[in-house]
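Quick notes on the structure that follows.
The values are calculated or read from the model by the stated rules, or taken from the named source; none is laboratory data. All values reported here derive from a predicted model rather than from experimental measurement. Cβ sites come from the backbone with ideal geometry, for glycine too, and all protein chains shown count toward neighbours.
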Amino acid sequence: MSKQVTIDTNKLEWADPPRGYYKSPVKQKVLNRDEKTGALLALVKFPKGLGDDIHTHPKANQHVFWLEGELMDESGKRIPLKGLYGFFPKGLVHGKSVFSKESIALFYWDGPQT
């Protein structure tokens with residue numbers, strides 16, 4: 001039998017993520033983890049600056065829904081993130097994101113991130 005889970009994310013502390021491709025002090029709040037599949041749902045907070053290195057998730061699709069923030073593209077154009085959704089299929093090379101201000105997103109990986 002399944003049961004409802006309610007989490008007050010305001011009471012969760014921001015923690016360091018275990019993955020090594022972040023280039024700045026990225027923090028996360030883990031909301032759900034499936035130990036069998038490696039799936040993970042987390043709020044992820046990126047400070048201003050370079051967020052991550054080029055990387056891939058060979059065993060997981062990645063879904064991202066942006067709650068707030070701003071990204072800077074290669075030409076220096078600022079892109080508001082609030083309300084944007086991104087999908088990165090297994091194995092897709094991505095990253096090297098530069099944030100022009102603190103940004104927070106809901107991330108979901110349907111398998112192990114590495």
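The condition of being at pLDDT 95 or above and out of contact with any Asp or Glu (no Cβ under 6 Å at 6 or more places or on another chain) holds for only one of 76, 111, that being 111.
In this structure, does residue 67 turn out to be more than 21 Å from residue 24 (Cα to Cα) and at pLDDT 95 or above?
Spelling it out, it is not the case that residue 67 is more than 21 Å from residue 24 (Cα to Cα) and at pLDDT 95 or above.
Scanning the range 37-82 for residues that are loosely packed, with under 15 Cβ neighbours inside 10 Å and over 16 Å from residue 99 (Cα atoms) returns 37, 58.
Report yes if residue 86 is surrounded by fewer than 17 Cβ atoms within 10 Å (Cβ to Cβ) and more than 22 Å from residue 10 (Cα to Cα), otherwise no. Yes. Counting the residues of the range 34-64 that are modelled with pLDDT under 95, in contact with a Leu (Cβ under 9 Å, 6 or more places away or on another chain) and farther than 19 Å from residue 80 by Cβ gives 2. Test residue 30 against the stated conditions and say whether it is under 14 Å from residue 113 (Cα atoms), in a strand (DSSP E or B), among the hydrophobic types (A, V, I, L, M, F, W, C) and in contact (Cβ under 8 Å) with a residue 24 or more places away in the chain. Judged against the criteria, residue 30 is not a match.
Residue by residue through the range 1-22, note down the ones that are without any contact (Cβ under 8 Å) to a residue 40 or more places away in the chain and surrounded by 15 or more Cβ atoms within 10 Å (Cβ to Cβ). Break it down into steps so the answer makes sense when it comes.
Residues of the range 1-22 without any contact (Cβ under 8 Å) to a residue 40 or more places away in the chain: 1-18, 20, 22.
17, 22, listed by residue number.
When the range 16-30 is filtered for residues that are modelled with pLDDT of 95 or more and over 19 Å from residue 81 (Cβ atoms), only 30 remains.
Those strands (runs of 3 or more DSSP E) of the range 40-97 in which at least 3 residues are under 11 Å from the mean Cα position of the chain (by Cα), considering only elements entirely within it, cover 40-46, 62-72.
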